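Visitor: What follows is a structure written as structure tokens; I'll ask about it next.
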Amino acid sequence: MKTEENKEIEQKNETEESWSFRDIVSGRVLTLPFISKQLFLFLFLCCLAVFYIDNRYVCEQQVATINKLQSDLTTAKYEALTTSSQLMRMSRQSQVEALIKQKGIDLEVSHEPPVIINKERKNNP
């Protein structure tokens, strides 16, 4: 009797401790007491893994967006610098005079300084 009980206990221990590929595929592993006790831990770890992957994906997209915006900003700065230098060149007095002569407009440079008009303020009580 004891030998039969010992054999049954050994078989039971072997089935609990050894997992075959067939047990994993069939889902029989999920019914083991160790797995059922640790089920919430496994689910928690799976959720953490999903959040980690999602966070990394979002961070990579944000870095790509930042790089694109930085290159756009550099391009806009160069365009603004080019435009302001062209405007400064065109607004010089010598350039304005040359443009007026080229267009054939009958304007001349005034040799008298501009007159400043002071307006007096009246204090009404």
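Visitor: Every residue in the stretch 55-110 that is among the β-branched types (Val, Ile, Thr) and in contact (Cβ under 8 Å) with a residue 12 or more places away in the chain, please.
Guide: If the condition is that a residue be among the β-branched types (Val, Ile, Thr) and in contact (Cβ under 8 Å) with a residue 12 or more places away in the chain, then VAL109 is the only one that fits.
Every residue, every condition in (1) among the aromatic types (Phe, Trp, Tyr); (2) loosely packed, with under 10 Cβ neighbours inside 10 Å; (3) on the phi > 0 side of the Ramachandran plot, yes or no:
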| position | (1), (2), (3) |
| --- | --- |
| PHE42 | yes, no, no |
| GLN62 | no, no, no |
| LYS68 | no, no, no |
| LEU99 | no, no, no |
| GLN102 | no, yes, no |
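Visitor: Within the stretch 89-106, count every residue that is in contact with a Lys or Arg (Cβ under 9 Å, 6 or more places away or on another chain) and not in a helix (DSSP H, G or I).
Guide: The number of residues fulfilling the criteria is 0.
Visitor: Okay, moving on. How many residues does the stretch 4-58 contain that are at pLDDT below 70 and β-branched (Val, Ile, Thr)?
Guide: Selection size over the stretch 4-58: 2.
The values are calculated or read from the model by the stated rules, or taken from the named source; none is laboratory data. The model shown is predicted, which means the values in this text are computed figures rather than measured ones. Methodologically, a virtual Cβ is constructed for each residue, glycine included, from the backbone with ideal geometry; neighbour enumeration extends over all protein chains shown.
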